[in-house]
Amino acid sequence: MARAMFEYTKEVLRKVSFDVHLFSKEVQKALKLLLPYEIEELKLFIISLLSLNPDLKKSLVYLED
């Protein structure tokens, strides 16, 4: 089931990637729900989205260790 949550999180992030504020809120929610290894995968996913919307880089602050 955890994998389903990760896939759902990616889908939500894709849909809200037009708005940096919404995107950041969803990243914060994801950090509470996902497992540590999924958070690492999430970082890679967000970096891939940066090519489409460079403004999303602001949300990386929530993923710092």
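Bear in mind these aren't lab numbers, they're just calculated from the coordinates by the rules spelled out. The structure presented is a predicted model; accordingly, all values stated were derived computationally and were not measured. No Cβ is skipped: glycine too gets one built from the backbone with ideal geometry, and neighbour counts run over all protein chains shown.
Worth a mention:
- Axis of helix 36-49 versus longest Cα principal axis of the chain: the two differ by about 30°, to the nearest ten degrees.
- Entry note, the chain: relative contact order of 38 percent, from Cα contacts under 8 Å with a spacing of 6+ residues.
- Here the chain was treated as a single set of alpha-carbon atoms; its pair distances binned every 10 Å from 0 give 22, 62, 15, 0 percent.
- Low-density loop positions, GluC sites (Glu not before Pro), the chain - DSSP coil, at most 15 other Cβ in 10 Å: 64
- Phi angles across region 29-34 convert, under the Karplus curve 6.51 cos²θ - 1.76 cosθ + 1.60 with θ = phi - 60°, into 3J(HN,Hα) values of 4, 4, 5, 7, 9, 8 Hz, Gly and Pro given as x.
- The helix-based estimate of mean residue ellipticity at 222 nm for the chain, built from -39,500 (n - 2.57) per DSSP H run of four or more residues and divided by its residue count, is -21000 deg cm²/dmol to the nearest 500.
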